[in-house]
Amino acid sequence: MLKFNRRESEIVSEGSSVISPKEVFPEYFLLRVNQFNEVAKTPIEEWMEYLKNGNIRADTSTPGLQEARQKLDFMKMTIQDRRAYERFMINLHADRDVWETAKRDGWNEGMKEGRVKGMKERRAEGLLFAAKNMKQKGVAIDTITEVTGLTKEQVESL
């Protein structure tokens with residue numbers, strides 16, 4: 001249960017922790033759009049200019065205003081233009097999906113080929129390593145070629 005302490009302007013909960021009114025009550029701003037007669041410099045002023053005059057600067061970086069311009073441009077289109085634009089956007093997204101799928105499939109195929117190539121290289125390195133060790137231990141070259149599948153020249157060059 002919350003109790004408001006008028007004398008100290010605090011709200012005290014049952015657990016006796018103190019909460020300020022700012023933490024409980026929302027903060028409200030009143031914007032007097034009709035009294036706005038300045039050049040927009042801050043994001044809030046750009047929004048006020050839009051609300052008063054319907055103008056959105058081309059170079060705006062204010063969050064939400066670019067999206068608002070796009071939505072307004074869409075809403076100003078004729079029905080035929082809207083439908084054409086929607087078809088264009090659907091086709092654009094479909095094309096992007098096709099490209100992303102092709103890129104992913106190509107990546108996967110490349111990774112698969114890379115793994116196969118890497119496994120072959122590691123296997124060849126392992127055979128050379130084993131042949132070198134067997135040669136150092138005095139195992140006959142014919143036996144080494146039979147076990148590893150390497151040629152006699154490869155074994156002799158180790």
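Every number in this text was worked out from the coordinates using simple rules, so none of it is lab data. None of these values were measured; they are calculated from a predicted model. So basically every Cβ, Gly included, is an ideal-geometry build from the backbone, and we count neighbours across all protein chains shown.
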Karplus-derived 3J(HN,Hα) from phi for the stretch 75-88 (6.51 cos²θ - 1.76 cosθ + 1.60, θ = phi - 60°), whole Hz, x at Gly and Pro, runs 5, 7, 6, 6, 4, 5, 5, 4, 4, 4, 5, 4, 4, 4
All alpha-carbon distances of the stretch 80-156, grouped into 10 Å bins from 0, give the whole-percent distribution 16, 23, 14, 12, 11, 9, 8, 5, 1
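Per 0.36 nm of contour for each residue apart, how much would the distance between Ala94 and Asn108 grow if the chain were fully extended, relative to their Cα-Cα spacing?
Extending this stretch completely gives an extra 2.9 nm.
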With a Förster distance of 30 angstrom and the Cβ-Cβ distance between Arg32 and Arg57, calculated FRET efficiency to the nearest 0.05 equals 0.90
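What is the order of Val155, Val147, fewest Cβ neighbours within 10 Å to most?
Lowest count first: Val147, Val155.
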